[in-house]
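Down below is the structure, laid out as structure tokens.
The values are calculated or read from the model by the stated rules, or taken from the named source; none is laboratory data. Bear in mind that the values here come from a model prediction, so they are computed numbers and not experimental data. FYI the Cβ positions are ideal-geometry reconstructions off the backbone, even for glycines, and counts take in every protein chain you see. Areas reflect the complete protein model, heavy atoms only, side chains present, ligands, DNA and RNA absent. Shrake-Rupley method; radii C 1.70, N 1.55, O 1.52, S 1.80 Å.
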Amino acid sequence: IKLVRMQRAFDRGYTLQDYLSAPFPADADAASPHFPLFLRSVFDDFVGVSKTDQVWCSMPLRGVEVGHVTIPKVPKAQIANAVSFTVKKESPFDGAERFLDFQVQGEVIESGIAKLRVLYCVAPSTVVEEIKDHFSKAGVQLSGVSIGPFANQNLFRTGWIPPGEASVGNLHCGQNWSRVDVFFKGNLMLTRRGIKSGLNSMVESLMNSFNEWTASARDV
């Protein structure tokens, strides 16, 4: 478990207060009945939890869909309905089983007509509820659940990384898979996960190349 404590600064930015990486005990994986106690102990040792704290958690990307749609420029009160209608039209899903969230990224022009560009995320409701339940049993009230690409987007939004004028790519290398995120002016424009090349395959490839090189060196 990785914990990061942030505090809002006077200039509406954020400052990093503390950071902790706590390994899971052998008997406390997420499905274990001991997990809530372990989670609670990590929070208590690290920062404690007060009623004024906002706690956010990053969830796995398994079953999560991220994409963009454009909607007409409608009044603010109608944006949510317009986004839901458009997303379901392009990528149908059951609202009882999946959770939809979105963010308006700005105005775009399509065929001479001004529209709103919207970044959306559709996630399995069961996964979100399971995460909330883990924290609730540990006595921690979650303020929200997010995903890795959106956390990276916040680095640009807060100015910790200058967004610049060109596109920026981020490559995340996992043990067995990788993910690519592309940003433009601080906005997430594209995310592709499930690339079948991770650290394990890279190490295997390096070992095979080294073994071939040593074998050829012996022959010489």
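At 0.36 nm per residue, minus the direct Cα-Cα distance, what do Ala151 and Lys2 gain on full extension? Give it in nm, one decimal, please.
Gain in length upon complete extension: 52.3 nm.
Please identify every one of the GluC sites (Glu not before Pro) in segment 106-165 that sits in a loop by DSSP and has no more than 16 other beta carbons within 10 Å of its own beta carbon. Present the calculation step by step, with values, prior to reporting the outcome.
Numbers: sites: Glu107, Glu110, Glu129, Glu130, Glu165; in loops: Glu165.
In loop regions of segment 106-165 (DSSP not H, G, I, E or B), the sparsely surrounded GluC sites (Glu not before Pro) are Glu165.
Report the longest stretch of the chain that contains none of the chymotrypsin sites (Phe, Trp or Tyr not before Pro) sitting in a DSSP loop with at most 11 other Cβ atoms within 10 Å.
Numbers: sites that count: Phe10, Trp160.
Free of exposed loop sites, the longest segment is 11-159.
Taking H placed 1.01 Å from N in the peptide plane, check which residues at least 5 places from Leu116 or on another chain put their amide H under 5 Å from its amide H.
For Leu116, whose amide H was placed from the backbone, the distant partners under 5 Å are Ile71, Lys73, Val108.
Loop sites only, by DSSP: take the trypsin sites (Lys or Arg not before Pro) in the chain that have at most 15 other C-beta atoms within 10 Å and name the longest stretch containing none of them. Write out the running numbers ahead of the final one.
Numbers: sites that count: Arg12, Lys51, Arg62, Lys73, Lys185, Lys196.
Between the exposed loop sites, the longest stretch runs 74-184.
Set the bar at 26 Å for Cα to Cα. Now go through Lys88/Lys115; Lys2/Lys76; Lys76/Lys185 and name every pair that lies beyond it. Walk me through the numbers before you get to the answer.
Details: Lys88/Lys115 18 Å; Lys2/Lys76 37 Å; Lys76/Lys185 24 Å.
From Lys88/Lys115; Lys2/Lys76; Lys76/Lys185, over 26 Å: Lys2/Lys76.
So, counting K/R as plus one and D/E as minus one, what does the shell of residues with Cβ under 12 Å around His34 add up to? Could the numbers behind the result be given before it?
Numbers: positive: Arg40, Lys137; negative: Asp27, Asp29.
Combined, the nearby Lys, Arg, Asp and Glu give 0.
If I model a spin label at Ser125 and Val47 as a point 7 Å from the Cα along the Cα→Cβ vector, what separation in nanometres do I get?
Between Ser125 and Val47, the simple spin-label model gives 3.0 nm.
For the chain, give me the percentage of DSSP beta bridges that are antiparallel, rounded to the nearest 5 percent. Intermediate values should be presented prior to the final figure.
On the way: 40 of 43 bridges.
Percentage antiparallel, nearest 5: 95.
Starting from 0.36 nm per residue, how many nanometres of slack lie between Gln103 and Leu37 once their C-alpha separation is accounted for? Provide the component values of the computation, followed by the final result.
Numbers: separation 66, 0.36 × 66 = 23.76 nm, distance 3.48 nm.
Taking Gln103 through Leu37 to full extension adds about 20.3 nm, to one decimal.
What FRET efficiency do you get for Gln17 and Lys115 if R0 is 30 Å and r is their Cβ-Cβ distance, rounded to the nearest 0.05?
0.15
Of the listed values (i) 21.5, 75; (ii) 19.4, 65; (iii) 56.9, 186, identify the label whose number matches Rg and Dmax of the Cα atoms in Å calculated from this model.
Computed from these coordinates, Rg and Dmax of the Cα atoms in Å corresponds to label (i).
222 nm [θ] for the chain, helices only, -39500 (n - 2.57) per DSSP H run of 4+, per residue, to 500?
Helix contribution divided over all residues of the chain: -10000 deg cm²/dmol.
How much solvent-accessible surface does Leu100 expose, in Å² to the nearest 10, with a 1.4 Å probe and all protein chains in place?
40 Å²
Give a quick list of GluC sites (Glu not before Pro) in segment 56-99 that DSSP marks as loop, anything other than H, G, I, E or B, with at most 16 other Cβ atoms within 10 Å. Could you put the intermediate results ahead of the total?
Details: sites: Glu65, Glu90, Glu97; in loops: Glu97.
Loop-located and lightly packed - Glu97.
Using only protein heavy atoms and a 1.4 Å probe, report how much of Val4 is accessible, in Å² to the nearest 10.
About 80 Å², ignoring ligands and nucleic acids.
What is the distance in Å between the Cα centres of segment 116-194 and segment 84-100?
Cα centres, segment 116-194 to segment 84-100: 19 Å.
R0 = 41 Å: FRET efficiency of Lys89 with Cys173, Cβ-based, nearest 0.05?
On the way: r = 35 Å, r/R0 = 0.86.
With R0 = 41 Å, the Cβ-Cβ based efficiency is 0.70.
Quick one: length gained pulling Leu142 to Lys185 fully straight, 0.36 nm per residue minus the C-alpha distance? Present the calculation step by step, with values, prior to reporting the outcome.
Details: separation 43, 0.36 × 43 = 15.48 nm, distance 2.95 nm.
Length gained between Leu142 and Lys185: 12.5 nm.
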